[in-house]
Each structure stands twice: as C-alpha cells, then as structure tokens.
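Quick notes on the structure that follows.
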Amino acid sequence: MNFKIKIVIFFLLTLFFNNKIYALENKILFKVDNEIITSIDILNEIQYLSLLNKNLSNLKKENIFEIAKNSIIKEKIKIIELSRYLDKIEVEQKYYKLFLNDYIKNLNVSSLEDFERLILEKGIKIENIQQKIKVELLWNQLIFSKFSKDIKINKEKIKEEILKNNLQNEYLISEIVFNLDKGQQLNTKLNLIKSEIKDNSFSSAALMHSISNSSNNGGRLGWIKLNSLNSKIKNQILKTKVNGITEPIVIPGGFIILKINDVRKTKIVDNIDKEVELVVREVSNKQLNQHSIIYFNKIKKEIEINEF
C-alpha cells in the first residue's frame, strides 16, 4: 500500500473513531474499471458497516480500511455487471419496501422512523442505503434468472424427513465462507481465521475473511432448520456443540466454517406442505448463494482494479 493511501487511512479513521464531521478533501483512491472509489466513499462505507456490525470498531484501523475497501469494490463489481443488463439501478417500490423492512428487522429497530433517526445520528445518508438495497435486489434477481434452473431439490425426501418426527432441531448459525488465494494452503488460511476468532471474535473474523454477503453483519444467518442442510454440513453441525465451530467444509466456490450459537427444538406445524415449502425456500436460497459466490468470483477476474 503506497504512502498516500496510508495517510488517507489515518485521517479517515480518525474521523470515524472521533465520531466528528470535518472537511475532508475527496481523493480518488481506487478505480474498478470505470467506477471510482474516493476517500469519502471509504468513510461512508465504514459508517455503514459500523451500523451493521458493532464489532467493527474493535478491529485494527488498517483492517477496518481493508474491510470497507473490499466491501465497496464488491459493490462496484456488481454494479458493473448489472449495467450489462440494465440501463439504471432501479427497482419496483414494493420490492424495495419488503427488503427495507427485513433490513430494519435485522438491525433490531422497531420502526422506519427509529431507523431513520438511527442513521441520522450516525451520519449515514438514506440515499446510500437505498442504493445498496437496490444493488442487492437487482443482483439477486440476476442470479435467480441465471441459475434458478440449476436448483436441485428433492421435495419428497424433505417431506419424509419432516414426517419422521414432530420435533425438529433449529440452529442459530453464523458462517465464514472463504476461498484460497493463488498458491495458498488451506491450513494457512484457516490459521489466519482462527487467530482472528481467538483474538477478537467470530464476527470480526467474518468481517475480515468471509466472501459471503453475510460478512457485513458478522456472518449471522439466523435460525436454520436442520432439514434444510445438506448431509455434509448437517453431519458437521450434529457433532459440534453450542458455541463451537465446525471443521472447514468444502462447498461450491470455496469452503465454509460455521459457528453454532444456539439450538432449539421446534414443533412441526400441522400444515406439513407449508413446512416443506419453508425448507425448500431455505435450500433454494443456499444454493443460489453458492451460485452467486461462484459467479461473482468469475466476473471479478475480468475486472481491472487500480490503486492511485
């Protein structure tokens, strides 16, 4: 990293940690094809990520900068790819509102008014969040249109598993999805992740190392039904205790490690068909997420990223 970038990092993170607004010269730091990333973009991204993950401020300053930089680069690459299919980044209002409601719930905020108050206090512009929501919605639509035909689900097998027992286990799970740099050994990468988990937390390690969209909120996936998981992941989870971490599991596009935050038994609802559909939706989302990671990594290789 060049000297100019290091100076910019220092001033950006001084602003962030002091929680004050100062005049800051807006410099171009990176260029992703024709999309530019400025010092103000980095500061805005840091503020946005701190909204999603309170552990961000516990990390080293240079790590915070890297996380924000990589997060913006990822978004810019998605925008570049979307622009091949769309004239502008816009979505129907009804879909935007649905996504926004889920977004607010994940922040444990009770209303839109409280959410707007929260981001105002943190100095985050609503326009920035609107843009991020639109990009994610359109990206998800793109992935669905390309790969929905490849989703493989055995509904009868799912129904058979559900009918075996009126109680099923649900797991509160966090994930770190990662791949290896060229020439990197699995143990080398795994030791880096484990070291960050030990020194800080699983959430911090997800922020730094995970390539999944869940990285921004510390890898949290919420409650997952055991029946919705494939056999490899299910077997690892079954032999992992609460607060434990699984061994790395090979998945399409890389590896995944999971933390089991909690477990509970839930009663199957009387409407078995409805329960089957819920599990099918979870399985579909997991498979589409894997396709998303593979597709993103493919197009990233074709993108030119320059540092100024």
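What Kirkwood hydrodynamic radius, in Å, does segment 76-190 give when the mean of 1/r is taken over all pairs of distinct Cα atoms and then inverted?
18.6 Å
Rounded to two decimal places and with Rh computed the Kirkwood way over Cα pairs, what is Rg over Rh for segment 197-308?
Rounded to two decimals, Rg over Rh is 1.02.
Could you work out the Kirkwood radius for the chain, taking every pair of different alpha carbons, averaging 1/r and inverting it, reported in Å?
By the Kirkwood definition, the hydrodynamic radius is 21.1 Å.
Go through N216, Q141, S201 and say which Cα lies farthest out towards the positive end of the charge dipole of the chain; charges sit on Cβ, +1 for Lys and Arg, -1 for Asp and Glu.
Of the listed residues, the answer is S201.
Which FRET efficiency, nearest 0.05, do N191 and S111 yield, Cβ-Cβ r, R0 51 Å?
It comes out at approximately 0.70.
If amide hydrogens are placed 1.01 Å from N in the peptide plane, which non-local residues have theirs closer than 5 Å to the one on I124?
Residues meeting the amide H criterion: none.
Suppose the chain between K149 and N128 were pulled fully straight at 0.36 nm per residue; how much longer would it get relative to their current alpha carbon spacing?
Between K149 and N128, full extension yields an extra 4.3 nm.
Name the most mobile residue of K194, K232, K61, meaning the one with the largest mean-square fluctuation, in a Gaussian network model of the chain with Cα contacts below 10 Å.
Greatest mean-square fluctuation among the candidates belongs to K232.
Which cross-chain or sequence-distant (5 or more) residues have an amide H under 5 Å from the amide H of G222, H modelled 1.01 Å from N in plane?
Counting only residues 5 or more places away or on other chains, the set is I173.
First select every other residue whose beta carbon is under 11 angstrom from the beta carbon of L59; then total the charges, Lys and Arg +1, Asp and Glu -1.
Around L59, the charge tally is -2.
If the reach is capped at under 29 angstrom between alpha carbons, list the lysines near K157, excluding any in the same chain fewer than eight residues apart.
Reachable lysines: K146, K149, K225, K232, K234, K239, K241, K259, K265, K267, K274, K286.
Hey, can you grab everything whose amide H is under 5 Å from the amide H of L29? Only 5+ residues off in sequence or another chain; H modelled, so Pro and N-termini drop out.
For L29, the qualifying residues are I37, T38, S39.
For n ≥ 4 DSSP H runs only, could you compute -39500 (n - 2.57) per run for the chain, divide by its residues and tell me the 222 nm figure to the nearest 500?
Using -39500 (n - 2.57) per qualifying helix, the result is -17500 deg cm²/dmol.
Output ³J(HN,Hα) for segment 86-97: one whole-Hz value per residue in order, computed from phi by the Karplus curve 6.51 cos²θ - 1.76 cosθ + 1.60 with θ = phi - 60°, and x for Gly and Pro.
Working through the residues one at a time gives 10, 7, 8, 8, 9, 10, 5, 4, 5, 6, 4, 5 Hz.
No value in this document is a laboratory result; all are computed from the given coordinates. The shown structure was predicted, so the numbers you read here are calculated from the model rather than taken from an experiment. Don't worry about glycine lacking a Cβ; one is built from the backbone with ideal geometry, like all the others, and counts go over all protein chains shown.
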